[in-house]
Amino acid sequence: QVQLVESGGGLVQAGGSLRLSCAASGRTFSRYTMAWFRQTPGKEREFVAHINLLGSSTTYADSVKGRFTISRDNAKNTAYLQMNSLKPEDTAIYYCAARLPGTTFDNWGQGTQVTVSS
């Protein structure tokens, strides 16, 4: 198990940027692939981005491709989500998640609110 704590959310105008951080406890962070998801009231949690163990491979939802960048620093036990050109429809609670390769995402943070005003 790994404990995850997100930070960096807030209120930003459309077109602005935010950088979310996900700090992980323990010394096994590099064994987990990391991902970001988001959720708005009344909707299911949706996938945003994923990064592999070494940070050499990333995947994005079509809705954020070209605007968001996921990264990780294994020395700091932290994953990041750089969000640029934000749109009001990006407003959501953003969650980071971790999984061992070949397993499901069963380690989740508490979430951080991102609000984009028009």
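Can you tell me which of (1) among the polar types (S, T, N, Q); (2) assigned to a loop (DSSP other than H, G, I, E, B); (3) surrounded by 13 or more Cβ atoms within 10 Å (Cβ to Cβ); (4) free of Cβ contacts under 8 Å to residues at least 40 places away in the same chain is the one Ser85 doesn't meet?
With respect to (1) among the polar types (S, T, N, Q); (2) assigned to a loop (DSSP other than H, G, I, E, B); (3) surrounded by 13 or more Cβ atoms within 10 Å (Cβ to Cβ); (4) free of Cβ contacts under 8 Å to residues at least 40 places away in the same chain, Ser85 is out only on (4).
Of all residues in segment 26-54 being part of a loop (DSSP other than H, G, I, E, B), open to solvent by less than 50 Å² (accessible area, probe 1.4 Å) and modelled with pLDDT of 95 or more, which is farthest from Ala98 (Cα to Cα)?
So the residue we want is Thr40.
Considering only residues that are of a type in the set (Ser, Thr, Tyr) and open to solvent by less than 60 Å² (accessible area, probe 1.4 Å), look in segment 68-82 and name the one that is nearest to Thr28 (Cα to Cα). Write out each step before concluding.
Of all residues in segment 68-82, those of a type in the set (Ser, Thr, Tyr) come to 69, 71, 78, 80.
Narrowing the set further to residues that are open to solvent by less than 60 Å² (accessible area, probe 1.4 Å) leaves 71, 78, 80.
Numbers: Ser71: 17, Thr78: 11, Tyr80: 17 Å.
Result: Thr78.
Please go through segment 88-107 and pick out each residue that is surrounded by 15 or more Cβ atoms within 10 Å (Cβ to Cβ) and acidic (Asp, Glu).
Correct list: Asp90 only.
Does Asp62 count as open to solvent by 60 Å² or more (accessible area, probe 1.4 Å) and either closer than 20 Å to Leu4 by Cβ or within 16 Å of the chain's Cα centre (by Cα) (or both)? Lay out the reasoning, then the answer.
Working: open to solvent by 60 Å² or more (accessible area, probe 1.4 Å): yes; either closer than 20 Å to Leu4 by Cβ or within 16 Å of the chain's Cα centre (by Cα) (or both): yes.
Against the criterion (open to solvent by 60 Å² or more (accessible area, probe 1.4 Å) and either closer than 20 Å to Leu4 by Cβ or within 16 Å of the chain's Cα centre (by Cα) (or both)), Asp62 qualifies.
The values are calculated or read from the model by the stated rules, or taken from the named source; none is laboratory data. Treat the numbers as computed from the prediction; the structure is a model and nothing was measured. In this analysis, Cβ positions are derived from the backbone assuming ideal geometry, glycine residues included, and neighbour counts consider all displayed protein chains. Side chains included, ligands, DNA and RNA excluded: accessible areas come from the protein's heavy atoms. Shrake-Rupley method; radii C 1.70, N 1.55, O 1.52, S 1.80 Å.
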